[in-house]
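Bear in mind these aren't lab numbers, they're just calculated from the coordinates by the rules spelled out. Bear in mind that the values here come from a model prediction, so they are computed numbers and not experimental data. Positions of Cβ are generated from backbone atoms using ideal geometry, with glycine treated the same way; all protein chains shown enter the neighbour counts.
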Amino acid sequence: MVIDLEPQKNNTLNRKIAPKNVRTRKHRKLKILLVIIIVFLFGGFLFIKSGYLSVTYDLFKITGNKIKRTKVEQTIHYKYDNSNKFTNILVLGSDTDQKFNPNSILTQTIMIVSFNPYLKKIYMISIPRDFWIKIPGYTQSGGYSKFDTASEIGGIQLTRQLVEQYFGIKINYYAWVGLSGFVKLINTFGGVNVVPTHPVLDWSYPNDLNNNPSLEFAAINLYISGAPQYMTGTRALEYVRSRHGDLMGDFGRSQRQQQVLRILKNKLDNPSTIAEIPSLFNSLSSIIRTDMTIPQIISMSKIAYELRNAKIQSIILSPTKYSSISTVTTLINGQYVTQDIVAPNWTAINALFLKLYGN
Amino acid sequence: MDFSKENKISNTRNSNTINIKESKKRKFKFRYILLILVVIIAYYIIKYNVIISDILNPKQLSSTISKNVTLTNQYSLNGELYFVKNNNLWRIAGVTSRQITHTNNVSDIAVSKNGKKVSYISFHTNYSNLHQMNINGENNIRITNWANPNINNNAWSATPAYSPNGQYISYLSNINKLITGVPIAGLGVWMIPSNASFSSYISQIYNETNLIVPTSYTGGDADLTWPNNNYLLYTYYIYYTNTPQPNSQIMLYDFSTQQSYPVTPVSSNTMEPRLSPNGKYLAYTRRVGNNNNYLYIMDFNLNSILNNTENSSFNTYKTTSQLVNSGVNSQPTWSPKGNHLAFISLNNNSFDIALKSIKYKNNKLVFGHLLYLTISSNVDSTSKMYWL
């Protein structure tokens, strides 16, 4: 035993221990590296296998679609001091499911939704698509056309610019939804329970849902009872889109659109809905677009919850107070064309915006 | 003894022991770290799996429509209550519910006063037809046929109501457009013998009587009821004020004068009139705010309405008592004795059948607590109910 413990051997032992420690350290490093590799491999496998990658891609497809501000936009003087205290969202609705092209879209619905959690105020302002305005870059009709022409020739960028120029408020975000997008949005929220403003009877409702080219110009008869009822996405779309049987036409449907939007807002008031937002958005990936990010949407939903008891001020820039229905004959492509338009009453509109967003 | 040597050996032994101990400690630490790592990984796997599965299979925020009617058994129903769910006729009696039809095409029911016949509407794309069947769902006959390959020649039928003797059915339709060729008219009130059967749609029109022509571009009239031989009650839709707002009021159509008289004011947003069995009270709903529909009961004085005094003062409307002042409520239905009112109420995202007792005490209406007959049953809130 003593021999075994001779210094020389001990030296050897000491010598041996030192490299072993180094090796152990090396082994340890290797093991840690191995664990990290396993974790990453397993995590990566899980990530891909679960489809989280595509989901994340889908979420990014919907959200964060920033559209660069034009030089004109950067120089706009916002007339109303309080407008920057509001979050202003430009809501656009299209009667097309064609692939979203931010440079040229058809809009049937143009709405400004503004809210301020501190002032406890929410506004919904519908701009008639037939508003007769001067559009930069439009060479026909002496440069004048309907508001929806702006989105057709200049996409969201020009629409946003014109809303800011004409109404004097800054648009912080936009949100666009197409036909099937609306249907899916409503279905994703589990449908809506609606008390209709009146029965809907339309003898020429466009039967163009689902991008079927053969149905592009087809029409159907539509009847929706005036009784309170549960509406699926398709039914809700019919309710907010029909206009032939409505004395107020486009203005009537704007009113119905605002009604359904309020019902959706009430659904967002529910805290459990806020937790569902990522999953809700996944089902809407190809059919809605916005430049808001998921965290922004979640924080806005929280604000919506905080503002659940706030009174929503719904405004439609309709005749006779804010506009008048008129007819114009202008030169388009060398031919005189007569159109029904909505002429804005800018004095009344400016007074309204001063009241809403002024000091 | 060489103590220094022994000391060295002892030191070496100690150092060896320390090294082994340290090594063991490190091994333990490593295992501990590994364990923590595994726990963390497991936690995230579980967490993200839940999130991922949530994202991949988005949840619908409301439950899917159940196939059954679930009774709460808070109340044993005297008599039989007929209603519609999932386009089929259902009945509640006592504490049991039963599905009567399985054809999936029944909407807008009307039950004859003797409880033997049911008329209903079968809705299709572009048109709807009036049908009649026995109360047990047998002997189904189509009365109208407004189907046509040309959509301009289609028409709608809706909301039938039997005459008190059951010989006639009045119902809502826009068949006027087939006569005039003008499509803007909404649904007006028509009347047809209840024993009529389908022949061809053009000849059918001329066998019918157009009682009430609605205002164009309003969607038409609605909520037709035929409480006795002398008059009909219905909802008249209009646009009101200079900046037109959609509105509605309850009207009475008098068969003797062939005229309509207002029961509620023009801007009242009132609808769904239902007269109590003794004819003294009128239950109705009123659209309130953006998306609410409350339930009310008012005195009903026929003379006052027919003498047109209501038109300016609406004294009976001023007697209104509020039965339910929150949420979405529709289709008020009196019990045969008039001591209960059933109605459809939105409860936890489902339209269910609710109930309130009604007593007349010290010249005042006294209402009982709100009871639910059904729960999570998603009954059809656009179809009337009948309590026999």
Legend entry - Environment charge of B:GLN132, counting only residues whose C-beta is closer than 9 Å and scoring Lys/Arg +1, Asp/Glu -1: +2
Legend entry - Shielding of B:107-120 by partner chains, average beta-carbon count, 10 Å: 0
Inset, instruction - Count charges around B:THR285 for me, please; just the other residues with Cβ under 10 Å from its Cβ, Lys/Arg as +1, Asp/Glu as -1. - result: +1
Inset, instruction - Return the average number of partner chain Cβ atoms within 10 angstrom of each residue Cβ along peptide A:68-76. - result: 0
Legend entry - DSSP bridge pairs, the stretch A:65-357: antiparallel proportion in percent, nearest 5: 75 percent
Inset, instruction - Using a 10 Å cut-off on Cβ atoms, rank the peptides A:137-144, B:277-284, B:379-386 from the highest mean neighbour count down. - result: B:379-386, B:277-284, A:137-144
Inset, instruction - Return the distance in nm (one decimal) between the two label points of a simple spin-label model at A:ILE325 and A:ILE32, each offset 7 Å from Cα along Cα→Cβ. - result: 7.7 nm
Inset, instruction - Calculate the mean, over all residues of peptide B:380-386, of how many other protein chain Cβ atoms lie within 10 angstrom of the residue's Cβ. - result: 3
Legend entry - Nitroxide proxy distance, nm - points 7 Å out along Cα→Cβ at B:LEU34 and B:ASP254: 9.7 nm
Inset, instruction - Provide the FRET efficiency to the nearest 0.05 for the B:ARG98-B:VAL288 pair, computing r from the beta carbons and using R0 = 25 Å. - result: 0.10
Inset, instruction - Using the Karplus curve 6.51 cos²θ - 1.76 cosθ + 1.60 with θ = phi - 60°, work out ³J(HN,Hα) for each residue of the stretch B:330-347 in order, rounded to whole Hz, and write x for Gly and Pro. - result: 7, 6, x, 9, 6, 6, x, 8, x, 9, 9, 10, 8, 7, 9, 10, 7, 9
